[in-house]
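Below is one structure; the comments refer to it alone.
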Amino acid sequence: MLTKLGEKFTHLFLKYMPDAFVFAILLTIITGVTSFFWLEANPLDIIVAWYDGFFDLLAFGMQIVLIVITGFCIALSPVINNGIDKLTNFIKTPRQVYFFVLVIGSLLTLVSFGWVVITCVLARELALRVKGVNYPFLIACVYFSNGSWVTGLSSSIPLLLNTQDNYLINAGILNTTIPTSYTLGSTLNIAMIILIVVIAPILFLMFMPKTKKPKELKDLIHSNNQFDECTIKQEAESYKLPIKAVSDTLNNSMILQYLIVVMGFVYIVYHFVNKGFSLDFNIMIFIFIIIGLLLHKTPMRYVVAMKRSSKNISGILFQYPFYAGIMGIMLYTGLGNKLAEIFATVATIDNYPFYAYLTGGFVNFAIPSAGGEFAVVAPSIINAVKEIGSGLQPNEITAMISRASLSVAYGESLSNLLQPFFLLLVFPIMGAGVNLQARDVMGYLVLPFLTFFVIQSLMVMYIPL
């Protein structure tokens, strides 16, 4: 029954879901029209708000691009390829591939959101080596595994709440920071980690398609787009002049490259000694760059690897500004705040986590960034929680705010299964050289979304903090 339902949803998405860019355009129009009719916003004000937000994600978009290409560059190194070759001695069936990718992907993104690129490369290489892997479903497995980031070390909302002088404190909404013991270290969050890392991979296999002719990567990939026409080392060697030249000596110098590697590792050690285990996009990108330089040995090999890694990132470059424009409409017309106010009017002390969860999931379609969404909805939600809990002890109010904030984060993360924004992070690697679109993948995520929506709704309501 589940297989048939999954096939039905896949067919519906193939038939009706447009390209991710068209999806962004439709969301822009829907958000603008909603602001016009519901808030009676002036059309010019809506357009100005759209423009004002259009470039707000440029820094984030550039970070995503660098995370993708530097992570992919590491994966193209001989060391990683040899490791994946050895791994295939133990993983021999499609079911094992799906399960392994779900578990490893969840563990990696617990450390950092950006580590999904490592999962992408691992999954792609396994798909090339193991017969019978349904590649669109495997992409869905990778995308689902990325959801564990919201419970891990790079979860933006808990980290924000624990940041000194954050905008909520400066605005008087919070009196002080909320330690991560209330959020990331809570019983609720630990239970959510167990759900995503341990239980989800087993449940996800129930949705595995059972088609007789799966869409295998080797059948989908175009021969003229293969990365392995020659090795990176061979391509680097091909740029050498037929005569002995100083330029070639510099281009292929291990000494020059390793001097930079030493400098890089010195800073990485300095960073963690002085800041603790603090991971953000910038340090992750820097670590990826230094490791890539180490593994590829010479400047020219690294240049070739980065060139190959950068071939498929156009979707991120031109689509992220459109989502930032949607975020601008939500923020500057007051639409996001209006949605949060609805939560405030219906929430009670018994159901506020569920409505916070719904708010996080719904607003995510227009603001697909946890930090950006929380900036819009947090003031209304936190003030509502404080009003609901008036008369309680300060530590009880803090616990309620923490539960509501975690609920927003979980809802935001799960609704990504129906929102192709972060699929743009996966496709530069998983989609390289194949004619696949978001619609080929998203249908496999509907049943997991519905299943985990029910489970997580019950968890945010009833598991103690």
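Below are the figures for this structure:
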{"quantity": "Mean separation of Cα contacts under 8 Å (6+ apart) over length of the chain, as relative contact order %", "calculated": "29"}
{"quantity": "1.4 Å probe accessible area per residue over the stretch 263-314, in Å²", "calculated": "51"}
{"quantity": "Heavy-atom accessible surface of the chain: percent carbon and sulfur, 1.4 Å", "calculated": "66"}
{"quantity": "Two-decimal Rg/Rh across the stretch 145-294, once Rg and the Kirkwood Rh are taken from alpha-carbon atoms", "calculated": "1.13"}
{"quantity": "Ranking by accessible area, most exposed first, for I199, I316 with a 1.4 Å probe", "calculated": "I199, I316"}
{"quantity": "Accessible area, probe 1.4 Å, largest first, for residues R95, R439, R301, R403", "calculated": "R95, R439, R301, R403"}
{"quantity": "Average Cα contact separation per residue, the stretch 62-130, under 8 Å, 6 or more apart, as relative contact order %", "calculated": "45"}
{"quantity": "Highest to lowest packing among 44-51, 77-84, scored as the average C-beta count within 10 Å", "calculated": "44-51, 77-84"}
{"quantity": "Residue-averaged 222 nm ellipticity for the chain, from DSSP H runs of 4+ at -39500 (n - 2.57), nearest 500", "calculated": "-21500 deg cm²/dmol"}
{"quantity": "Ellipsoid equivalent to the stretch 51-99 - semi-axes via the Cα gyration tensor, in Å", "calculated": "36, 16, 5"}
{"quantity": "D (Stokes-Einstein, µm²/s), Kirkwood Cα radius, the stretch 320-465, 0.890 mPa s at 25 °C", "calculated": "151"}
{"quantity": "Mean Cβ neighbour count within 10 Å, used as a protection proxy, ranking 205-211, 107-113, 404-410 highest first", "calculated": "404-410, 107-113, 205-211"}
{"quantity": "Relative contact order [Cα under 8 Å, 6+ residues apart], the stretch 66-184, whole percent", "calculated": "26"}
{"quantity": "Order by protection proxy (mean Cβ within 10 Å, highest first), peptides 235-242, 114-121", "calculated": "114-121, 235-242"}
{"quantity": "Residue-by-residue Karplus 3J(HN,Hα) for the stretch 201-211, coefficients 6.51, -1.76, 1.60, Hz, glycine and proline x", "calculated": "x, 6, 5, 5, 5, 5, 9, 5, x, 10, 5"}
{"quantity": "Options V103, N82, G433, ranked by Cα towards positive dipole end of the chain, top entry (Cβ charges)", "calculated": "N82"}
{"quantity": "Check: the chain dipole with +1 on Lys, Arg Cβ and -1 on Asp, Glu Cβ, in debye", "calculated": "1780"}
{"quantity": "Length released on extending from H222 to K275, taking residue separation times 0.36 nm less the Cα-Cα span", "calculated": "14.5 nm"}
{"quantity": "Average accessible surface area per residue within the stretch 353-458, 1.4 Å rolling probe, Å²", "calculated": "27"}
{"quantity": "Around Y323: net Lys/Arg minus Asp/Glu count, Cβ-Cβ under 12 Å", "calculated": "-2"}
{"quantity": "Segment T348-Y239, length gained on full extension (0.36 nm per residue, minus Cα span)", "calculated": "32.4 nm"}
{"quantity": "Which of F100, F72 is most accessible, then next, and so on - probe 1.4 Å", "calculated": "F100, F72"}
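The values are calculated or read from the model by the stated rules, or taken from the named source; none is laboratory data. Model, not experiment: these values are computed from the prediction. Note that we place each Cβ from the backbone using ideal geometry, even for glycine, and neighbour counts take in every protein chain shown. SASA here: full protein model, heavy atoms, side chains in, ligands and nucleic acids out. Shrake-Rupley method; radii C 1.70, N 1.55, O 1.52, S 1.80 Å.
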